[in-house]
Amino acid sequence: MKYTNQEISDALSVINTRRRNAENKAEERAINFKTEHPELAEIEREMADTTLGLFKAISNCPDPKKVVNELKEKNLGFQKARKALLEACGVDENYLKPDYTCKKCNDTGYHDGKMCECLEKLLKKNAFDELAKACPLKISKFDDFDLTIQKDPAARERISKIYTECVKYATDFDTDSPNIFLYGETGLGKTHLSLAIAGKVIEKGYAVVYGSAQNLFSKLEREHFGRSEDPDGTTEEKLLCCDLLILDDLGAEFTTQFTVATLYNIINTRIAKELPTIINSNVSIDKLEKDYGPRITSRIMGEYIMLEFIGNDVRQLK
């Protein structure tokens, strides 16, 4: 899974609008030009007649070769006359053609049977926009991460190593990449680095779902008990099947039987599907086990790369 059918449909709707706008503007230019230069309309009528004559000759004549050649010569003459008229009026021969945003696919979204670059670019932009809506801060970048702010040498060295590992993870990302558990006190850069990973992974064309544990669990609970305002109700499917899931701030939510069962299902299912997950948490491993039980803690410690942040709250240091 890279993009859902709905995401592709939404992007194609934008591209189709571009195509219709380009064609409508071209038609408007043609109408205005033919009003000022009616001879163009006559030339194009003659061209259409010769094209129709070609079809008739092929269909009805026992020996159409001579007629076809004559009609082709006639059509070429009309094409030259059309081009000469446009040049005489000081416009390019493409002036009356649609000016598509993407010249490669003519705003269809596909080229040579494959997804065009313009559609991929729009899908990535939409993915960034969706991620930005879900984020408590702007989409972070690795370049914005300040490695010098921690004054304690041990903390700076630890976070520097984690930073390097996160950059490598984003650069090499594939759907068989490992799981990561980022944990430690608040304000050390866990969310920043996970969002930087998300940005790079989206650029590579993968589907990323990001959200705080509290918001995602609340949405799942509303959908589960039929209280959701979301018409598609597919949050669970997205969490279980996306290329990369980032679950932020685990442990800050109110823990219930539902959240424990939901978290176990997410972790277990994605491990079984061999799909990577990044979990951020401000709680210790002991607190995690107390809140979520040994089954979940064991799965995380056994199946995730454990990256512990140490140091002082960056916001306070700033």
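The values are calculated or read from the model by the stated rules, or taken from the named source; none is laboratory data. Predicted model, so just to flag it, every value in this text is computed and none were measured. Using ideal geometry, Cβ is built from the backbone for each residue, glycine included, and neighbour counts are taken over all protein chains shown. Note: areas computed on protein heavy atoms with side chains; ligands, DNA, RNA excluded. Shrake-Rupley method; radii C 1.70, N 1.55, O 1.52, S 1.80 Å.
For the options 129, 174, 146, a Gaussian network treatment of the chain with springs between C-alpha atoms closer than 10 Å singles out 146 as fluctuating the most. For the chain, a Gaussian network of Cα nodes joined below 10 Å ranks 149, 266, 197 by mean-square fluctuation, and the top entry is 149.
Each of residue 272 and residue 29 was given a label point 7 Å from its Cα along the Cα-to-Cβ line. The distance between the two points is 5.7 nm.
Given R₀ = 41 Å, what would the calculated FRET efficiency be for residue 80 paired with residue 6, taking r from the Cβ atoms and rounding to 0.05? Here the calculated transfer efficiency is 0.25. Cross-link check: pairs 114/219; 238/273; 151/200; 104/204 evaluated at a Cα-Cα cut-off of 24 Å; pairs beyond the cut-off: 114/219; 151/200. Helix 38-60 and the long axis of the chain differ in direction by around 90°, with both axes built from C-alpha atoms. Using the 1.4 Å probe convention, the accessible area of the chain works out to 58 Å² per residue with neighbouring protein chains retained.
Note on the chain: GNM, Cα springs under 10 Å; of 42, 274, 236, the largest mean-square fluctuation is that of 42.
Computed from Cα positions, the angle between helix 285-303 and the longest principal axis of the chain comes to roughly 60 degrees. Using a probe radius of 1.4 angstrom, the carbon and sulfur fraction of the accessible surface of segment 234-287 is 53%. Note on the chain: dipole from Cβ charges, positive end direction compared against 252, 217, 127; the farthest Cα belongs to 127.
Computed from Cα positions, the angle between helix 190-203 and the longest principal axis of the chain comes to roughly 20 degrees.
Taking all protein chains as present, what is the carbon and sulfur share of the accessible area of segment 141-216, in % to the nearest whole number, probe 1.4 Å? In segment 141-216, the share of accessible area belonging to carbon and sulfur is 47 percent.
Please go through the residue pairs 141/168; 168/190; 80/103 and name each one whose alpha carbons sit more than 22 Å apart in this structure.
Working: 141/168 14 Å; 168/190 16 Å; 80/103 24 Å.
The pairs that break the limit, which is 22 Å between Cα atoms, are 80/103.
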